[in-house]
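The values are calculated or read from the model by the stated rules, or taken from the named source; none is laboratory data. Computed from a predicted structure; not experimentally measured. Using ideal geometry, Cβ is built from the backbone for each residue, glycine included, and neighbour counts are taken over all protein chains shown.
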Amino acid sequence: MIISASYKTDIPTFYGEWFMNRLRHGYCKVVNAYNKKISRVPLDRESVDAIVFWTKNIGPFLKQLPEIRSLGYPFVVQHTINNYPRALETSVVDADRAVTHVQSISHEYGVSVCVWRYDTIVFSSLTPFDYHLANFADLATKLSGYVDEVVISIAHVYKKTKRNLDSAARELGFSWADPDMKVKKKLVSALADIADSQKIQLTICSQPELIVAGASVARCVDVDRISRVTSRDVSARLKGNRKECGCYHSIDIGEYDTCPHGCVYCYAVQNPELVLERYKRHDPTSEFLFPPPPSILARDEGTQGDQLTLFPIID
C-alpha cells in the first residue's frame, strides 16, 4: 500500500507532528469527503510500501525524514516551487529557501527521491507568458542535477477556483485569464525545451490534451520511481484520482480545506477563512487530522482493534 500525505493539504509543512504521532502508533483515521465514511488506515511498516509527501515547504519536516528512513519507510517528495508573487501565494516559503531544501534532500537521499512541481501554472497580469518562461528557466537551472523530473499543470478553473481567483484579483488589483489551447501548448513546449536543456524530464499532471513533443504523462504516485528509491519492485494498480490522472493507487490521509498556504488558485481550498480557523484548533495527538462532527464520529464507535476499512480514493 502506498500512502499519500497529502495532495489535499500540506502535511509536511503544517501537520508534521501529527503525522509522526500516527506513524508511531501505526494507524490513522480519515473521513471520506464524499460519503463521510470513517476508515482506519494502517501505517505500520509491514502494511506500507512507501509514502509520497506533497509539500511547498519541506523545511519544517526535514528533521523528521531521518527518523522515517530509520524506521524503514521509503518515501518520495513531490515538492512544488513556483516562485509566484504574494498575491497568488500568500504564505508560501521563499523560493530560494525551497530550492535549498530540495538540494539537501537530493544530496542526502538521492536524486530520485524529490520531484519538482511547477504547479499550478496561472496566467495573470502578474504572471504572464514571458514571466513563466524566465521564472521556470531560473528554477530549472538551480535544480539541475538535483531532480530528474518536473511536473506541471495549467490551472483547472473549477467553480471554487474561479471564485477565489476573482476575489483575490479584485482585492489585490490584478487580472487573470484562461487562455486558449494554442497558447497553453506553446508554453508547455517552451517549458519542455527548457527542462530538457537542464536534463529534467517534463511531465504533465492530469491534462493529456497538453502533451507535446518532449513532455509525457505525469505519474505523481509512481511505482517505478518508488521501486528505484526502495531498490525493490513495488506493485500497485493504475488508479488515479480522476479519469485523466496517471497515478498508481494510493490511500490519501489528508483533508480538504486545511492548508494555510493561501494559494488563490488551489482546488483543495474552498473557504480560506475556514482553513485558518481549523488550523488553529488542530490537535496533533488526534487519530484524525481533523475529527469529524459528532454525528459522523458516532459511526466510528464500533471500530475494534485492528479492524481495517480501506476505501478507494475517488476525488
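A few comments on the model shown:
- Answer residue from the range 120-166, given it is among the small types (Gly, Ala, Ser) and touching a helix residue (DSSP H, G or I) at 6+ places or on another chain (Cβ under 7 Å) and is modelled with the lowest pLDDT among those: Ala155
- Matching residues, the range 252-267, being of a type outside the set (Ser, Thr, Tyr) and either free of Cβ contacts under 8 Å to residues at least 24 places away in the same chain or buried (at least 20 other Cβ atoms within 10 Å of the Cβ) (or both): Asp252, Ile253, Gly254, Glu255, Asp257, Cys259, His261, Cys263, Val264, Cys266
- Where a residue in the range 26-47 is over 11 Å from Leu297 (Cα atoms) and free of Cβ contacts under 8 Å to residues at least 40 places away in the same chain and its partner, wherever it lies, is of a type in the set (A, V, I, L, M) and surrounded by fewer than 19 Cβ atoms within 10 Å (Cβ to Cβ), with Cβ under 7 Å and at least six apart: Arg45/Leu71
- Meets criteria (surrounded by 14 or more Cβ atoms within 10 Å (Cβ to Cβ), among the basic types (Lys, Arg) and either farther than 27 Å from Val269 by Cβ or free of Cβ contacts under 8 Å to residues at least 24 places away in the same chain (or both)) for Lys159: no
- Any hit, the range 10-26, residues being assigned to a strand (DSSP E or B), aromatic (Phe, Trp, Tyr) and either touching a Cys at 6+ places or on another chain (Cβ under 9 Å) or closer than 26 Å to Gly240 by Cβ (or both): no
- Breaking point among (1) more than 28 Å from Arg242 (Cα to Cα); (2) in contact with a Leu (Cβ under 9 Å, 6 or more places away or on another chain); (3) outside any helix (DSSP H, G or I), for Glu67: (3)
- Look at the range 208-232: where a residue is more than 22 Å from Ala195 (Cα to Cα) and a partner is surrounded by fewer than 16 Cβ atoms within 10 Å (Cβ to Cβ) and not polar (S, T, N, Q), sitting 6+ places away or on another chain with Cβ atoms under 6 Å, you get Ser227/Asp233.
- Condition check for Arg69: of a type outside the set (Gly, Ala, Ser), free of Cβ contacts under 8 Å to residues at least 60 places away in the same chain and more than 21 Å from Ala168 (Cα to Cα): yes
Each row is one residue, and each column tells you yes or no for (1) modelled with pLDDT under 95; (2) assigned to a loop (DSSP other than H, G, I, E, B); (3) under 25 Å from Val188 (Cβ atoms); (4) touching a Phe, Trp or Tyr at 6+ places or on another chain (Cβ under 7 Å).
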position: Tyr84; (1), (2), (3), (4): no, yes, yes, no
position: Val92; (1), (2), (3), (4): no, yes, yes, no
position: Thr100; (1), (2), (3), (4): no, no, no, no
position: Ser104; (1), (2), (3), (4): no, no, no, no
position: His107; (1), (2), (3), (4): no, no, no, no
position: Val111; (1), (2), (3), (4): no, yes, yes, yes
position: Val115; (1), (2), (3), (4): no, no, yes, no
position: Tyr118; (1), (2), (3), (4): no, no, yes, yes
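So that you can scan it fast, the table gives a plain yes or no per residue for (1) more than 21 Å from His156 (Cβ to Cβ); (2) not polar (S, T, N, Q):
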| residue | (1), (2) |
| --- | --- |
| Arg225 | yes, yes |
| Lys243 | no, yes |
| Gly246 | no, yes |
| Gly254 | no, yes |
| Val264 | no, yes |
| Gln270 | no, no |
| Glu277 | yes, yes |
| His282 | yes, yes |
| Phe290 | yes, yes |
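- Some residue of the range 215-234 being hydroxyl-bearing (Ser, Thr, Tyr) and modelled with pLDDT under 95: yes
- Output for the range 125-176, where each listed residue is among the small types (Gly, Ala, Ser) and either in a strand (DSSP E or B) or closer than 22 Å to Ile105 by Cα (or both): Ala137, Ala140, Ser144, Gly145, Ser153
- From the list Leu191, Leu187, Leu274, the one residue that fits, being assigned to a helix (DSSP H, G or I), touching an Asp or Glu at 6+ places or on another chain (Cβ under 6 Å) and touching a residue at least 12 places away in the same chain (Cβ under 8 Å), is Leu274.
- Residue satisfying condition, being β-branched (Val, Ile, Thr) and either in contact with a Cys (Cβ under 7 Å, 6 or more places away or on another chain) or farther than 28 Å from Thr230 by Cα (or both), within set Val147, Val115: Val147
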